[in-house]
Amino acid sequence: MSGSLAGAVKQAFTSVTGQTAKVSDLKNDIVDPYANPTKGLNTDHGVLVADTDSWLKASDGTHTGPSLLEDQIGREKIHRFDHERIPERVVHARGAGAHGFFKVYDDRASKYTYAPVLTDPSRVTPTFVRFSTVQGSRGSADTVRDVRGFATKFYTPEGNWDIVGNNIPVFFIQDAIKFPDFVHAVKPEPHNEVPQGQSAHNNFWDFVGLQPESAHMVMWVMSDRAVPRSLRMMQGFGVNTYSLMNAKGERFFVKFHWIPELGVHSFVWDEALKICGQDPDFHRKDLEEAISSGAYPKWKFGIQVIPEARQDDFDFDPLDATKIWPEELVPLEIIGEMTLNKTVDEYFPEVEQVAFCTAHVVPGIGFSDDPLLQGRNFSYFDTQITRLGPNWQELPINRPVCPVMNFQRDGAMRHKITKGEVNYWPNRKGIGAPVPTTEGGYADFASKVQGIKQRVRGSKFQEHYNQAQLFFNSLTPYEQQHLIDAISFELSHCDDPVVYKTYTQILNNIDFNLAKQVAINVDGVVPDRPGRENHGKSTPTLSQLYYAPKEPTIKSRRIAILLADGFNLAEVQALRAAFKVGQATTWIIGPRRGKVYPSGQTVGSGEGLQADHHYEGQRSTLFDAFIIPSGVEHARKLSENGRTIHWIREAFGHCKAIGAIGEGVTFLKEAVQLPGVQLQANLASDTVTNSYGVVTTGVYDTGSAAADTLKIAQGQ
Ligand code: HDE
């Protein structure tokens, strides 16, 4: 791009706000069939259709008669339908996406890079993010135990930049050549295509048992990280090591991080399992619900940077994707943030057709010799050709917001029409036509390469257990227990003793107690001494607790108010108002979807309060917190109903926040009368009692509701 053209492009780009630069680019492609309904229904070639319900037939009027092949309208409809499906992604097939924007706070990253997207605080860069699960197919469930993809496309004036990341900072393998083996092992088994959406089967555990470089990643995938509460409550990581180049010509290795504003939160395993059946679309609906209600998901953006000269200063190789860079050694520098503020208009052309590529970088950002990244740079472009055809980058969601001019031409489904007599370079036209530029063009970092051609990995790539231990040691005791339970669940689903006996031996290289507990649970090899000493090191940044927001918040949380006829209306109204202030959503759960009647109103004829769901219509798993207001009749009816008792017992078992008032407390106490549970509950006064995370009060002052209720909901 010539200098003046580059300037004009930049000006045009920044004159529209960043968020709308891509959204407005898409506007010409968006069709609104409801905007002008009088126009009528057309064929694909634009002819008005009078009847789209009956195929053309040779009929005598009494008998239907044979359908005629000559019906071009019927044929077109069927032809188009027959070819609606494209191949699903070979991994990460199930996803959800949204539009947003990215900003850096200042130019502090200019000491590392000259990429304006990372250094120019006046810029608002449009983004599109696709979150995904890895193992399951397009129709699988959202809340399975799996890694989550977190892929971000930045539409910058210098071209598109993609960070194709995950919610876990490391990967199963070190070298791209192992990827087909790994994916075959984790995907459904070849003989019976089982299981769907999970890694709990022989082949996965067989492979990871024989490929110990996966030990660190296995710890992460068996931790709570793999069952996120929301796509909005996960970290994101670029995983691979990229590079940054500054204006002085210096080069740095870099890792990219996303940190969610709402903290990192997970389901307990039992909830995740149940939601797979109760609401398989839970995560994609949660994303849509949050954006539509104005609770825009937000992440801080950070970089970890190692000057190139320090590559050998660590006991791990910074180019090994099975290793993190501990933050004590390489601090995380927060330089910007991203907000998602627009849901998609249509799933297929946006979420299904968006195509990411790790090789999409912009000037100032480059690659490294990370052998996983090098393979990825080849693979993504290639796979898009199978999914979308060679012109995949022209599709509306994928095309950059800056001009694209070159001599790449033709191929299936070419969209663009390019003027001019020449389609090659060099050509007689010279300046004025697209010419390679010396100003602002992508500059590869000039570096000396030497070596002997051989199939090897670096010497520090041989160590596999130090960081697996570091991760396990850094978890809180309950996070460790969840991890032990998760591996025990998975190995219990493996029926080949070779598989589960081998893996319990691998675990003993990480932690003796971990290996012992799992081995006892699953009939593995119970160790009598550690396979390897635990180095005892830990780091706070690996536990989810580290990311809890500084101020507790109920923003975007789903709160269910459980009601029967005869409840206290003033309380419910005050609670709802207070939750609204805190930006939570409230859901009335009643005996029927329809009116529920408060005390003082006649059941069936009073004004009532509209319930969003009836007790059978939803489950406790789908909510974050519960409120049971007071009301004599209401509490009695709740106590007599097996389903409402189950709602509260299950919520209690999943450690959810539960609040109860007055007679609601009596019901709650009865419902959670479980072995070993001595719930301290307050029935007598307006003092708030907090026991097992259950908050109770006998009397509730609806006048000062807002402040109090927020405190109750936040468990303060
Ligand atoms: Fe991918 N990966 N991957 N991957 N990956 C794909 O590209 C691949 C890896 C990740 O929402 C595919 O467009 C290889 C690591 C995400 O569209 C494919 C290797 C990380 C997505 C592919 C890896 C990822 C993909 C399939 C080992 C975390 C979904 C469809 C060398 C940093 C992107 C597609 C979306 C998708 C190849 C390893 C993340 C086949 C060869 C490590 C988030 O090209």
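The values are calculated or read from the model by the stated rules, or taken from the named source; none is laboratory data. These numbers were taken from a predicted model, which means no experiment stands behind them. So basically every Cβ, Gly included, is an ideal-geometry build from the backbone, and we count neighbours across all protein chains shown.
Filter segment 385-400 for residues that are assigned to a helix (DSSP H, G or I) and closer than 16 Å to THR152 by Cα and give the result.
GLN393 - this is the single residue of segment 385-400 that is assigned to a helix (DSSP H, G or I) and closer than 16 Å to THR152 by Cα.
Just the residues that are in a loop (DSSP other than H, G, I, E, B) and more than 13 Å from the ligand (Cβ to nearest atom), please, taken from segment 109-135.
So in segment 109-135, the residues in a loop (DSSP other than H, G, I, E, B) come out as 112-115, 120-124, 134-135.
Correct list: TYR112, THR113, TYR114, ALA115, ASP120, PRO121, SER122, ARG123, VAL124.
Close Cβ contacts (under 8 Å, 6 or more residues apart or on different chains) running from residues in segment 21-41 that are closer than 23 Å to PRO400 by Cα to residues that are part of a helix (DSSP H, G or I) and at pLDDT 90 or above comprise ASP29/PRO349.
From the list VAL526, VAL518, VAL498, which one is modelled with pLDDT of 95 or more, in a helix (DSSP H, G or I) and either surrounded by fewer than 21 Cβ atoms within 10 Å (Cβ to Cβ) or within 28 Å of the chain's Cα centre (by Cα) (or both)? Walk me through how you get there before you give the answer.
Values: VAL526 fails: in a helix (DSSP H, G or I); VAL518 fails: either surrounded by fewer than 21 Cβ atoms within 10 Å (Cβ to Cβ) or within 28 Å of the chain's Cα centre (by Cα) (or both).
The unique qualifying residue is VAL498.
Against the conditions (1) modelled with pLDDT of 95 or more; (2) in a loop (DSSP other than H, G, I, E, B); (3) surrounded by 14 or more Cβ atoms within 10 Å (Cβ to Cβ), ASP410 satisfies every one except (3).
Please verify whether ILE589 is under 21 Å from ALA295 (Cα atoms) and buried (at least 17 other Cβ atoms within 10 Å of the Cβ), treating the condition exactly as stated.
Values: under 21 Å from ALA295 (Cα atoms): no; buried (at least 17 other Cβ atoms within 10 Å of the Cβ): yes.
Here the answer is no, as ILE589 does not meet what is asked.
Within segment 180-196, the set of residues being under 17 Å from THR133 (Cβ atoms) and either within 16 Å of the ligand (Cβ to nearest atom) or at pLDDT below 95 (or both) comprises PHE182, VAL183, ALA185, VAL186, LYS187.
Filter segment 552-593 down to the residues that are among the small types (Gly, Ala, Ser), touching a residue at least 40 places away in the same chain (Cβ under 8 Å), more than 24 Å from LEU287 (Cβ to Cβ) and not in a helix (DSSP H, G or I) and list them by number. Break it down into steps so the answer makes sense when it comes.
Taking segment 552-593 as the starting set, the residues that turn out to be among the small types (Gly, Ala, Ser) are 556, 560, 564, 566, 570, 574, 577-578, 582, 584, 590.
From what's left, touching a residue at least 40 places away in the same chain (Cβ under 8 Å): 556, 560, 564, 566, 570, 574, 577-578, 582, 584.
Add one more test, that the residue is more than 24 Å from LEU287 (Cβ to Cβ), and what stays is 564, 566, 570, 574, 577-578.
The answer is ALA564, GLY566.
Residues ASP106, ASP142, ASP181: which one is among the acidic types (Asp, Glu) and outside any loop (DSSP other than H, G, I, E, B)? ASP181 is the lone residue from the list that is among the acidic types (Asp, Glu) and outside any loop (DSSP other than H, G, I, E, B).
In segment 348-359, the qualifying residues are those that are without any contact (Cβ under 8 Å) to a residue 60 or more places away in the chain and within 13 Å of the ligand (Cβ to nearest atom), and the one that is surrounded by the fewest Cβ atoms within 10 Å (Cβ to Cβ) is ALA359.
Residues in segment 413-424: is at least one surrounded by fewer than 10 Cβ atoms within 10 Å (Cβ to Cβ), closer than 22 Å to PRO371 by Cα and modelled with pLDDT of 90 or more? Taking every residue of segment 413-424 in turn, none turns out to be surrounded by fewer than 10 Cβ atoms within 10 Å (Cβ to Cβ), closer than 22 Å to PRO371 by Cα and modelled with pLDDT of 90 or more. Only one entry of PHE207, PHE171 meets the criterion of being closer than 30 Å to TYR478 by Cβ and assigned to a loop (DSSP other than H, G, I, E, B), and that entry is PHE171.
Sort out which residues of segment 656-676 are surrounded by 13 or more Cβ atoms within 10 Å (Cβ to Cβ) and in a loop (DSSP other than H, G, I, E, B), and write them in order of number.
LYS656, GLY662, VAL672
Here ARG85 meets the list (1) surrounded by 14 or more Cβ atoms within 10 Å (Cβ to Cβ); (2) among the basic types (Lys, Arg); (3) within 16 Å of the ligand (Cβ to nearest atom); (4) over 21 Å from VAL164 (Cα atoms) almost entirely, failing just condition (1).
Among the residues of segment 144-158, are any over 30 Å from THR119 (Cβ atoms), more than 12 Å from the ligand (Cβ to nearest atom) and surrounded by fewer than 19 Cβ atoms within 10 Å (Cβ to Cβ)?
Just the residues of segment 144-158 that are over 30 Å from THR119 (Cβ atoms), to begin with: 144-147.
Checking the rest, the ones that are also more than 12 Å from the ligand (Cβ to nearest atom) come to 144-145.
Narrowing the set further to residues that are surrounded by fewer than 19 Cβ atoms within 10 Å (Cβ to Cβ) leaves none.
No, because not a single residue in segment 144-158 is over 30 Å from THR119 (Cβ atoms), more than 12 Å from the ligand (Cβ to nearest atom) and surrounded by fewer than 19 Cβ atoms within 10 Å (Cβ to Cβ).
Remark: GLU76 falls outside the filter, which requires a residue to be away from the ligand (no atom under 16 Å from the Cβ), in contact with a Leu (Cβ under 9 Å, 6 or more places away or on another chain) and not in a strand (DSSP E or B). For segment 235-254, name all the residues that are under 26 Å from LEU483 (Cα atoms) and either within 12 Å of the ligand (Cβ to nearest atom) or assigned to a strand (DSSP E or B) (or both). Once the filter is applied, which keeps residues that are under 26 Å from LEU483 (Cα atoms) and either within 12 Å of the ligand (Cβ to nearest atom) or assigned to a strand (DSSP E or B) (or both), segment 235-254 yields GLY236, PHE237, GLY238, VAL239, ASN240.
From the set of residues in segment 539-562 that are among the β-branched types (Val, Ile, Thr) and under 21 Å from THR586 (Cα atoms), which is farthest from the chain's Cα centre (by Cα)? The residue in question is ILE561.
Conditions (1) surrounded by 17 or more Cβ atoms within 10 Å (Cβ to Cβ); (2) hydrophobic (A, V, I, L, M, F, W, C); (3) on the phi > 0 side of the Ramachandran plot; (4) more than 16 Å from the chain's Cα centre (by Cα), marked per residue:
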site: CYS276; (1), (2), (3), (4): yes, yes, no, no
site: HIS283; (1), (2), (3), (4): yes, no, no, no
site: GLU288; (1), (2), (3), (4): no, no, no, no
site: PRO297; (1), (2), (3), (4): yes, no, no, no
site: ASP315; (1), (2), (3), (4): no, no, no, yes
site: THR322; (1), (2), (3), (4): yes, no, no, yes
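Contact map, segment 301-316: residues that are outside the structural domain of LEU118 (by TED's automatic domain parsing) paired with residues that are modelled with pLDDT under 95 and in a strand (DSSP E or B), Cβ distance under 8 Å, separation 6+ or inter-chain. No pairs are found. Scan segment 367-393 for residues that are away from the ligand (no atom under 12 Å from the Cβ), over 25 Å from the mean Cα position of the chain (by Cα) and under 24 Å from ALA309 (Cβ atoms) and jot them down. SER368, ASP369, listed by residue number.
Taking the criterion of being within 15 Å of the chain's Cα centre (by Cα), more than 8 Å from the ligand (Cβ to nearest atom) and small (Gly, Ala, Ser), no residue of segment 159-179 qualifies.
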